[in-house]
Amino acid sequence: QVQLVESGGGLVQAGDSLRLSCAASGRTFSSITMGWFRQAPGKDREFVALISWNGAYIYYTDSVKGRFTISRDTAKNTLYLQMNSLKPEDTAVYYCAASKKLSSVENTYDNWGQGTQVTVSS
């Protein structure tokens, strides 16, 4: 089991940047895939980005490519999502999640954080 706690959300203007963090507890952090998902009001939760256990494989959904960067610091047991050039359509609750599989499919993720709100005003 991995316990996950997100932080770093907030209210920003379009074009601004934010960095989300996800602190993980548990000895398995260094050996699992980590992902970011988001859920906008009235919409289903969607995949945003993932990073493999060793950082060698990274994958983004098309809408954030070139703007978001996922990274992990194994020494600190922390996952990050650097979000640049934010748009109003990025407004959502952002969740970090852990999976034993290298997958962007939501139901392959076993552990989830509580979420952090990101609001981008136009």
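Every number here is computed from the coordinates shown, using simple stated rules; none is lab data. Here the structure is a predicted model, which is why all the values come from computation and not from measurement. Neighbour counts run over all protein chains shown; Cβ positions are idealised from the backbone, glycine included.
So which residue, out of Ser52, Ser21, Ser31, gets the largest mean-square fluctuation from a GNM of the chain using Cα contacts under 10 Å as springs?
Ser31
Based on DSSP, what percent of beta bridges with both residues in the chain are antiparallel, to the nearest 5?
DSSP beta bridges in the chain are roughly 90 percent antiparallel.
Please report Rg over Rh for the chain, where both radii come from the alpha carbon positions and Rh follows the Kirkwood definition.
0.94
Pairs of Cα atoms under 8 Å, at least six residues apart: use those to get the relative contact order of the chain, whole percent.
Relative contact order of the chain: 36 percent.
Treat region 29-87 as a sphere of radius equal to its Kirkwood radius over Cα pairs and apply Stokes-Einstein at 10 °C in a medium of 1.306 mPa s; give the translational diffusion coefficient in µm²/s, rounded to a whole number.
Using the Kirkwood radius from Cα pairs, D works out to 131 µm²/s.
Hey, if you put +1 on the Cβ of every Lys and Arg and -1 on every Asp and Glu Cβ in the chain, which of Ile32, Ser21, Gly8 ends up farthest toward the positive end of that dipole?
It is Ile32.
Could you derive backbone 3J(HN,Hα) for region 22-33 from the dihedral phi with the Karplus parameters 6.51, -1.76 and 1.60 (θ = phi - 60°), listing whole Hz in sequence and x where the residue is Gly or Pro?
Result, rounded to whole Hz: 9, 8, 10, 10, x, 7, 9, 3, 6, 10, 10, 6.
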